[in-house]
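Notes to accompany the following structure.
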Amino acid sequence: MTSLSVIMPAYNEAVRIRGSIERTHRQLSRMVRDFQIVVVDDGSSDGTGEIADRAAAEMDHVVSVKLSPNRGKGQALRQGFLHTTGELVFFLDADMDLPPEQMGVLLDTMKEHDADAVIGSKMHPLSRVDYPTHRRMISIIYFTVTRILFGLPVRDTQTGLKVFRREVLEKCMPRMLVKSFAYDLELLAMAHDFGFRIAEAPVIIEYQPKYGRIPMSAMKTTANDTLAVFFRLYVRNFYDDANAPWKADGTFGQNEP
């Protein structure tokens, strides 16, 4: 039977992290026997890491990883991957906007399309999305830009629920450089360029109204990172460089070109 790993990046999620771990644990235990949840505390200041440590001590199949200082979601996922063992690896946000009960839908889609990666998509016609209008507009604009630049066979790169065959992440993650908002795009653009098959699945989003509007600085960073990925992929051919090993200290890739 296939083994599953879930990487759950968390930043200042002390209020909900224990419940998120327990909910995900229940769902995985219904699906497979061999699973693990890797919780990555990304430099939280509210005790998230300590709660995750207690959960790992009290529950089987839970691993707690701490980063300090805050290093960004992309780096949290990369560091979490170092602690995974599963043949299939999920990304799942700790805030439970995307309920873990729909992981099975992504697995069904992977099997149906013989895909190497499946991403949850807010723009899938069967998705049920309770999401603020301004965020929907940003998603549409970003999709349009990335479709023009990269030709990806998906309509949404940014939704936080994804599943990958292990070999996809083993090949792509050592070469990744983006640490924050555009890490999804970098990973998927690389996977597509390497010839891996990507499919998308419908999602249900139970929006947690805690973030407000996306700061202009975050949108600017995402735009800059997106253009940098395009430059590295199509101008520099940076990701084709075979000299991008895991480093002994657990960091990834090379310095920003």
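Given charges of +1 on the Cβ of Lys and Arg and -1 on the Cβ of Asp and Glu, with all other atoms neutral, how large is the dipole of the chain about its Cα centre, in debye to the nearest 20?
That gives a dipole near 520 debye.
Under 5 Å between amide H atoms, partner at least 5 residues away or on a different chain: which partners does F35 have, H built in plane at 1.01 Å?
For F35, the qualifying residues are L4.
For the range 60-102, count the residues as N, evaluate 2.2 N^0.38 Å, and divide the Cα radius of gyration by that value, please.
On the way: Rg = 11.5 Å, N = 43, 2.2 N^0.38 = 9.2 Å.
Normalised Cα radius of gyration, the range 60-102: 1.25.
Normalised by the residues of the range 1-160, what does the relative contact order come to in percent, with Cα pairs under 8 Å and at least six apart?
For the range 1-160, the relative contact order is 26 percent.
Quick one: work out the % antiparallel among DSSP beta bridges in the chain, nearest 5.
Counting only bridges with both partners in the chain, antiparallel ones make up about 20 percent.
On alpha-carbon atoms, Rg over Rh for the range 95-164 using Kirkwood Rh?
Working: Rg = 12.6 Å, Rh = 13.1 Å.
Checking Rg against Rh, the ratio lands at 0.96.
Using only helices, what value at 222 nm comes out for the chain when you add -39,500 (n - 2.57) per DSSP H run of length 4 or more and divide by the total residues, to the nearest 500 deg cm²/dmol?
-11500 deg cm²/dmol, from helical runs alone.
Which chymotrypsin sites (Phe, Trp or Tyr not before Pro) in the range 25-123 pass both tests, a DSSP loop state and at most 15 other beta-carbon atoms within 10 Å?
Here no chymotrypsin sites (Phe, Trp or Tyr not before Pro) fit, given the DSSP loop and packing criteria.
Can you give the extra length, in nm with one decimal, that the chain gains between D114 and R54 once fully stretched, where that is 0.36 nm per residue apart less the Cα-Cα distance?
Length gained, D114 through R54: 17.8 nm.
If I model a spin label as a point 7 Å beyond the Cα along the Cα-Cβ vector, how far apart are those points for L126 and D240 in nm?
The answer from the label model is 3.8 nm.
May I ask for the percentage of alpha-carbon pairs in the chain that lie more than 23 Å from each other?
49
Please state the Cα pair-distance histogram of the range 101-233 with 5 angstrom bins from zero: what percent is in each bin?
Binned Cα distances yield the sequence 2, 10, 20, 23, 21, 16, 8, 1.
Semi-axes of the equivalent ellipsoid for the range 46-161, please: Cα gyration tensor eigenvalues, times 5, square-rooted, ordered largest first, whole Å.
Numbers: eigenvalues 159, 67, 45 Å².
The answer is 28, 18, 15 Å, longest axis first.
Where a number appears in this text, it was derived from the coordinates with a stated rule and is not lab data. Please read all numbers here as calculations on a predicted model, not as lab measurements. Note: ideal-geometry Cβ built from the backbone for every residue, glycine included; neighbour counts use all protein chains shown.
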